[in-house]
């Protein structure tokens, strides 16, 4: 029998027509669906943000053909308006501020809880974790509505605070429909998103590390800052991303709790699309919002990679 | 010891922060006052109102239909995506699958609205379903992928080695082992769909309401403790659903965590 | 004709060549071991035989039939995986029955044969358990029962004992030898553990960097390593670098710097002036306070530098002239005597010239 030196066909690792078919059968359906119902709509938005509004809402065509040939009707006007009108810049900055503050408050609120759950006895951990997830199962709007009740002018909290303020001779405040209400709402709906990744990280820490640190003379406090916290940075980053991005584009929370004083960029986008009907301008607003969100995710991914390098 | 006590106290405060608002919602569903924010004696009045609120019941029905259809489709697409990504080490597909998670809801809502309007698709149940499928795929794909990642690759090789064709290997080994993950992914998709407000808000059009949309209207326009009553029932049914799943298919919940 | 024949098989991953022009013939009924450090290509070679992977070049023949491209399910070759790869959602009985089900054997016969197979591996009555309810050794037995139930021509074993603790590992080694003798199926065993390879195999193929560097019976590989790598990888070996000065037949004289001229033997042609290493196993080195060298013995003097008491034997590290260290092994066989030497003692060393092997660089 002669030995052929040529490379044999490889039925498993290279592409025969059957393997190619299998590959498309698997990846084709999700790819096609998401291309049509996610990618193309997003691209349309990006394109539309360079257009003019139509006469009765919608878009005027970006290009058309007539006797004189092809016409292209692109404009940078929407972006110019956003960057020159102070109103919109302030709105973006305010939304960034809300998102950052939400992330900060969630971190501070979630850390002790995650730590307690991660260090609880194994049998209790799942129960404690379940207790975090259960409120999460209630409807999103209900969780916001709860704060309408708590902060409402008739509720005990408002009346108590205003009674004290009254004694000091200060004008009564309205807790609801305020930046404060937006903050509370955002933190409330976001908190579990910080707790879960933090817990998932802290739970993996080897208790021997802490014992080693204590053994080598670290106080409980420096143990935390030199061992636990640095090791949990990937969890913090994951949680921060999960909190920051939705908070930045929040719509329902400021819409329900914010009133006119607590308005965020998401509300303006909604108005441009459903009320003002200036779609190209709304498209530009949402494209910038998306760029900010993707930028944050990118920074987080970069930081996570660095963190992994630094802490192995 | 003091530090430990402070830690537990902080954790307790966090739990309180999570639960007190919901307890208040439940409590006020039994309040006789017309305002959702004032206690005026116990009543079941609002539950009776709810039972006869045809619009609310219809909205709930819509929500269930949408969530069922969307989670079913998303389960198929998401599982396929997870399998393809793992098997062929794809780069573009996972990015596309996960992208909806890191784009703001509002962008997805308005871009789908524009898309449907430009295509002259009448907004309604179908447009909402399509929108929900597109953001639910990611959840299924994540859960199934993590299940796949935890699977010993030599199991499928062992099946092939012992005489199973690629198909048999998939049906007898991969699929049964993946089933808890697929179920958990589907459940997660179902809850995400039934809970969604923002994307539904933009893609439902004027004529169609879902439960969240109906609750939103009530909160914005005329809030009565009926909202509390529907909230309480929703919470109770989710709780019952999850508890029964944890009894019937505990593995499915594990996959979700 | 050999049962399994590999002809010039090469497998590359990108620029990395995992298996490089390996040719190998394995006889029916043989217990053959591929031994080498991790990354040497032994597992890749095993996967080529199993059919999980195909070579870029070369052929694999079973019973003279080319199976290079045959998918794994159509090869009469089964594998015991390092992780055992028991199907966690199937009972032990269902796991063992799997190959028969795939071959569409009748239900009644499956039941009988599975019960029989479980009895053979001392797992009778455990059929309804799930794999995760078994101990490591029991899982191992299930994997073996499953792989042998349809009598494959070749059984491939990929470090099957690596996950077991020492005692169990030794017990399983004995069981594997007995089993292989009993069923008479060809075993191709992959391991990085030289002790295991020496204890189990009829023949060993030592692999390094994608090639088989030496092939032979365990004693031949151990006693007569052909390369410095093999000498170093299997067991411990004293290696002294030197230059060939004179040659008379198989007998050489080597110039080793600092130690002068030493006698050695060669099993391959050698040229005068060639550089290489002199390899001598610690257990071939005689060590005593005073040795009168017999004719044909190499004789050296040194000082005890270090000692390693291992219970049954003690390893002495002896410092020779020029600071070179040499290991010698002494069984602690004398009753009532715990230690023969202390650190700092002057000792004599000697070995027969035939025990010192010259290896090419």
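Tabulated data
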read-out: Average beta-carbon neighbours from other chains, 10 Å sphere, peptide B:108-121; value: 6
read-out: Cα centroid of region A:218-233 to Cα centroid of region C:70-136, whole Å; value: 49
read-out: Least to most buried among A:106, A:223, C:40 (fewest other Cβ within 10 Å first); value: A:223, C:40, A:106
read-out: Per-pair calculated FRET efficiency, R0 = 56 Å: residue A:18 and residue A:87 via Cβ, rounded to 0.05; value: 0.40
read-out: Rounded tilt (10° steps) of C:107-120 against the dominant C-alpha axis of chain C; value: 30
read-out: Nearest-ten-degree value, helix C:92-102 long axis tilted from longest Cα axis of chain C; value: 70
read-out: Inter-label distance, nm, simple model (7 Å from Cα along the C-beta direction), residue B:120/residue C:153; value: 6.7
read-out: Exposure proxy order (Cβ contacts within 10 Å, fewest to most) of B:95, C:313, A:116; value: B:95, C:313, A:116
read-out: FRET efficiency, 1/(1 + (r/R0)^6) with R0 51 Å, evaluated for residue A:130 and residue B:224 via beta carbons; value: 0.95
read-out: Most fluctuating residue given options C:310, C:61, C:252, as computed from a GNM of chain C linking Cα atoms under 10 Å; value: C:310
read-out: Residues of region C:176-214 with amide N under 18 Å of a point placed 7 Å along Cα→Cβ from residue C:268; value: C:204-214
read-out: Peptide ranges C:153-161, C:228-236 listed from the most packed, as the mean C-beta count within 10 angstrom indicates; value: C:153-161, C:228-236
read-out: Extension gain, residue B:5 back to residue B:20 (0.36 nm per residue minus Cα-Cα distance, nm); value: 3.2 nm
read-out: Shielding of B:16-23 by partner chains, average beta-carbon count, 10 Å; value: 6
read-out: In range of the label at residue C:181: residues from region C:3-40 whose backbone nitrogen is under 19 Å from the point 7 Å along Cα→Cβ; value: C:28-33
read-out: Estimated distance in nm for a label pair at residue C:337 and residue C:352, the labels positioned 7 Å out from Cα along Cα-to-Cβ; value: 2.2
read-out: Long-range tail of P(r) for the protein assembly as shown (Cα pairs > 55 Å, %); value: 36
read-out: Modelled FRET efficiency - R0 22 Å, residue B:44 with residue B:237, Cβ distances, 0.05 increments; value: 0.80
read-out: Where labels lie 7 Å past Cα in the beta-carbon direction, separation of residue A:167 and residue B:87 in nm; value: 7.2
read-out: Shielding score for A:127-137, defined as the mean number of other chain Cβ atoms within 10 Å; value: 4
read-out: Angle in degrees between helix B:54-88 and the longest Cα principal axis of chain B, rounded to the nearest 10; value: 20
read-out: For chain A: rounded, prolate or oblate by the Cα gyration tensor [a/c cutoff 1.5]; value: oblate
read-out: Computed helical MRE - 222 nm, the protein assembly as shown, DSSP H runs ≥ 4 contributing -39500 (n - 2.57), nearest 500; value: -17000 deg cm²/dmol
read-out: Highest-MSF residue in chain C out of C:314, C:186, C:79 [GNM, Cα springs under 10 Å]; value: C:314
read-out: Ranked list, fewest to most other Cβ atoms within 10 Å of each Cβ, for C:15, A:65; value: C:15, A:65
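No lab work stands behind these numbers, since they all come straight from the coordinates. Source: prediction; values computed, not measured. As a convention, Cβ positions derive from the backbone with ideal geometry for all residues, glycine included, and neighbour counts pool all protein chains shown.
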